[in-house]
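Inspection log for the structure reproduced underneath, given as structure tokens.
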Amino acid sequence: MNRMKYKLGDFVRFVDEKMEGYVTRIIDDQMIGVTGDDDFEIPVPASKVTTVHGHESQQAKAEGIDKQITSDGPFQAKGIYLGVVNDDKAGSVVHFHIVNDTSYQLLATLVTDKQQLKGEYAGIISPKSSVKVYSEQLADLQLWPKFKFQLLFYTAQNVTAPAPLIMEEKFKAKDFSGTKKQVPLLNKPGWLIQLDEPELIIDAQKLKESFFRSTDEKQEIAKPKREIDLHIEKLRDDYQFLNSTEILNIQMEHFRTSLDAAIVHQFPDIVFIHGVGNGILKHEIHKGLSTNKRIQTFMDAHKDKFGYGATKVILK
């Protein structure tokens, strides 16, 4: 059986039709899923598409594959990450990069284990460089295999290299629940997991001081915005993996936190943008406002701007 020659994120053109798009799913050794500009994924035999000439190298360059940067300055011993970023064109696809922000040269391997072991990557990663080692469909996270990373450190400088790093991980939705961060060297937002996590050093004096710090010093409530957008995609990057109950709980927690902050900072009013939807979020917000003694009144906010999708709260 022939090995699939296409990879997730490849740009292809249909042989028999005037259509093109990005590979967003590897169905099996013969079939792939291609998503066009309409964001509709079409299953198609791999033999019925062809790579668009000249596009692949541009895509590889954009993704920072085997990105080489000269290491300058003092020796940096920590800073090895797994950076997971969305494809620039096919947003449903994510690419895994090993990011070596240290001064070590790395010998790295990645093996996945679903039903059987499969070698995904083996190579040398230079200091201050990154390499794409794997790609997957984000929506298929529950079906992802177990990952096993092995890293061997090398340097010609007079520095004692650490022991080889071995990490096995079966990723879950919670691993992608945090806010995206800027991935070093790739210079794009993504989920960042440090593989050589620095050791936790406890400062005994600071720990002691924290016990005797006054309540006012411990609690510093940030001033909220005057308009709070509660749409889940504004609050969490992993909203695709959340069920309706989890989404509502997150929205209500953000609503309560923002309302409390507005009261502490003595705002005269604050607007919550909840959308129209099925009306459940709006109902829960109004129910919470009706029992709060610090609320003077509330009403639909600026119908010309928000329609019926926002509530303005007047504080006492």
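The values are calculated or read from the model by the stated rules, or taken from the named source; none is laboratory data. Please read all numbers here as calculations on a predicted model, not as lab measurements. Positions of Cβ are generated from backbone atoms using ideal geometry, with glycine treated the same way; all protein chains shown enter the neighbour counts.
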Review point. Taking the stated definitions as given, is H274 outside the structural domain of N86 (by TED's automatic domain parsing) and within 30 Å of N86 (Cα to Cα)?
Key: yes
Revision key, fill the gap. Of the candidates R236, R213, the one satisfying the condition of being surrounded by fewer than 14 Cβ atoms within 10 Å (Cβ to Cβ) and either within 23 Å of H283 (Cβ to Cβ) or at pLDDT below 55 (or both) is R213
Exercise for review: Please find, within the range 158-178, the residue that is farthest from V85 (Cα to Cα) out of those that are free of Cβ contacts under 8 Å to residues at least 24 places away in the same chain and among the polar types (S, T, N, Q).
Suggested key: N158
Exercise for review: Being modelled with pLDDT under 90 and either in contact with a strand residue (DSSP E or B) (Cβ under 9 Å, 6 or more places away or on another chain) or within 30 Å of Q142 (Cβ to Cβ) (or both) is the filter; apply it to the range 263-273 and report the residue that is surrounded by the most Cβ atoms within 10 Å (Cβ to Cβ).
Suggested key: I263
Check your understanding: Just one of the numbered conditions (1) loosely packed, with under 14 Cβ neighbours inside 10 Å; (2) among the basic types (K, R); (3) within 16 Å of R226 (Cβ to Cβ) is not true of K312; which one?
Key -> (1)
Review point. Any idea how many residues of the range 117-139 are within 20 Å of the chain's Cα centre (by Cα) and touching a residue at least 60 places away in the same chain (Cβ under 8 Å)?
Key: 8
Revision key, fill the gap. When the range 274-290 is checked residue by residue, the ones that are closer than 30 Å to V93 by Cα and surrounded by 15 or more Cβ atoms within 10 Å (Cβ to Cβ) are H274, G275
Practice item. Among residues belonging to the range 15-42 that are outside any loop (DSSP other than H, G, I, E, B) and small (G, A, S), point out the one that is surrounded by the fewest Cβ atoms within 10 Å (Cβ to Cβ). Key: G33
Check your understanding: Which of the residues that make up the range 106-131 are within 21 Å of G33 (Cα to Cα) and surrounded by 14 or more Cβ atoms within 10 Å (Cβ to Cβ)?
Key -> E120
Exercise for review: Could you tell me whether I250 is among the aliphatic types (A, V, I, L, M), touching a strand residue (DSSP E or B) at 6+ places or on another chain (Cβ under 6 Å), under 28 Å from A173 (Cα atoms) and surrounded by 14 or more Cβ atoms within 10 Å (Cβ to Cβ)?
Suggested key: no
Revision key, fill the gap. Conditions (1) farther than 29 Å from D38 by Cα; (2) surrounded by 13 or more Cβ atoms within 10 Å (Cβ to Cβ) -> W144 fails only (1)
Review point. Within the bounds of the range 184-206, is there any residue that is among the basic types (K, R), at pLDDT 55 or above and not in a loop (DSSP other than H, G, I, E, B)?
Key: yes
Review point. Name the residues in the range 134-181 that are of a type in the set (F, W, Y) and either modelled with pLDDT of 90 or more or outside any loop (DSSP other than H, G, I, E, B) (or both), would you?
Key: Y134, W144, F147, F149, F153, Y154, F176
